[in-house]
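Take a look at the structure set out below.
Just so it is clear, none of the values below were taken in a lab; they were calculated from the coordinates. Not measured: the values here are computed from a predicted model. Glycine gets a Cβ as well: all are built from the backbone with ideal geometry, and neighbour counts include every protein chain shown.
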Amino acid sequence: MLPPTSATASAMGKPADPSIHLAMGVPTDDSPDDDYVMRKPQYALSYNSTRNVPNWVSWQLDETWFGSVPRHKGKFLEDRDLPRDFKRTNHDDYTGSGFDRGHMVRSEERTRTADDNRSTFLMTNILPQYHDLNAGPWLRLEEHCEKLAKREGQQLFVMAGGIFPRTKRATQIIGRDVAVPSSFFKIVVILQPGQGPKDVQTSTPILAVIMPNETGIQDHKWDDYQVTVDEIEKRSGYDFLSAVPEAVQRAIEARRAD
Ligand code: MN
Ligand code: MN
């Protein structure tokens, strides 16, 4: 819940989106013009045609997504499902920029089929990340999530994206007008065996982090960056978990994991 301007969800929470990846709600902000929402079999996202990166990517994760197909080889992929009048970024927009092509849905999290894995290499799942972040605390949180998801019957709902400077002038640009975030957020809702999306309660464990997009942090621990969901909502402008009943939402978004 993002007070006060977006506090429109009913006490019961907004109706669930049909995509499993949006079972926690479709994150929204006060400027819907730059939110092009895409629902894929493997994840959902909102694409920003000004920044040429996703605003957020949202996905369900449990052990069934993990398999043994090899990692997609070759270049990252243009997303042909974007409207024709959008700039479709490609692999080379990041080449020589000094930034990694940072997956939101991690390649290893979609290894059941070759198609699933390939989908994580679409540029609509990618943001520019410094290598020290991508291979440092961001990776260690991904590994932590893998461990949680592989615990029998546990189910995660993950939302991740960039946080940008207030003005375009202050924002670093690479390639064909690709905006570089100053930091990254991730929210992870952890459900226990037998629980479904409707069972989110005030006691449901949630991880929330904001990590700076900078060099020199490769040795840092992921849990040094824990924040509340409220903090992520404030910094990103998005209301997350809108499908969760309002009273529960208020409680879990203010709680910092220990
Ligand atoms: Mn919220
Ligand atoms: Mn990565």
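Remark on residue 77: its backbone amide H falls under 5 Å from those of 122, 123, a criterion applied only to residues 5 or more positions apart or on other chains, H modelled at 1.01 Å from N. Divide the volume of the convex hull around the Cα atoms of segment 218-258 by the residue count and you get 79 Å³ per residue.
Taking the Cα centre of the chain as origin and assigning +1 to Lys and Arg Cβ atoms and -1 to Asp and Glu Cβ atoms, the resulting dipole is close to 400 debye. Applying both filters, DSSP loop and at most 13 other Cβ atoms within 10 Å, to the chymotrypsin sites (Phe, Trp or Tyr not before Pro) of segment 150-258 eliminates every site. List the longest stretch of the chain that has no exposed loop site; here a site is one of the GluC sites (Glu not before Pro) assigned by DSSP to anything other than H, G, I, E or B, with at most 16 other Cβ within 10 Å. Longest site-free region, per DSSP loop and neighbour criteria: 1-77.
Segment 112-176 and segment 49-72 have their alpha-carbon centroids 7 Å apart.
In the chain, a dipole from Cβ-located charges (positive for Lys and Arg, negative for Asp and Glu) runs towards its positive end, and of 91, 181, 18 it is 91 whose Cα lies farthest in that direction. The order of the peptides 64-77, 82-95 by mean Cβ neighbours within 10 Å, most packed first, is 82-95, 64-77. For segment 1-130, the number of Lys pairs with C-alpha atoms closer than 22 Å, counting only pairs eight or more positions apart or on separate chains, is 5. With 10 Å bins beginning at zero, the pair-distance distribution over Cα atoms of the chain amounts to 7, 32, 39, 19, 2 %. Couplings 3J(HN,Hα) of segment 199-205, computed from phi: 8, 5, 10, 5, 8, 5, x Hz, in residue order, whole Hz [Karplus 6.51 cos²θ - 1.76 cosθ + 1.60, θ = phi - 60°; x for Gly and Pro].
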